[in-house]
Amino acid sequence: MAILANGKIRCIGSLDELLGDADHYQVQGRGGDLALLNHWLTPFEAQGNQWSGSLEKDPKDFLSSLELMGGELISLSRARPTLEAFFVEQLQPDPAAPSNDSNSL
């Protein structure tokens with residue numbers, strides 16, 4: 001895959017090469033033992049019965065623990081930028097590139 005801007009290749013590679021191979025996950029859920037969840041997720045945020053955080057440990061172990069504590073998983077996703085966010089970032093002007101502004105000499 002490649003991203004072109006103004007006829008020039010900005011970057012090229014596989015999705016994992018471009019977006020990175022995320023080794024942690026974003027997790028959202030509700031219920032369970034908030035004290036135990038605080039040990040699993042960093043940073044851990046709870047609001048009422050719902051919680052969220054970043055999981056850097058084995059997701060299978062986390063899901064087993066969550067089931068034992070009576071919690072419910074709402075979402076579990078790899079923590080890497082979306083292709084859309086990466087694309088928009090790549091189209092930002094490069095601050096190191098020379099300016100085409102006629103007023104700068």
Estimated FRET transfer efficiency when R0 is 25 angstrom, pair LYS8-ALA85 (beta carbons, to 0.05): 0.75
Of GLY71, GLY13, GLY48, the one that fluctuates the most in a GNM where the chain has Cα springs shorter than 10 Å: GLY48
Förster radius 30 Å - calculated FRET efficiency between LEU34 and ASP58, Cβ distance, rounded to 0.05: 0.90
Relative contact order [Cα under 8 Å, 6+ residues apart], the chain, whole percent: 30 percent
Mean shadow area of the chain over all directions, Cα convex hull, nm²: 9.9 nm²
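Since every read-out is calculated from the coordinates, none of them should be taken as a lab result. Note that the structure is predicted; figures quoted are calculated from it, not measured. Cβ coordinates were reconstructed from backbone atoms using ideal geometry, including for glycine residues, and neighbour counts include every protein chain displayed.
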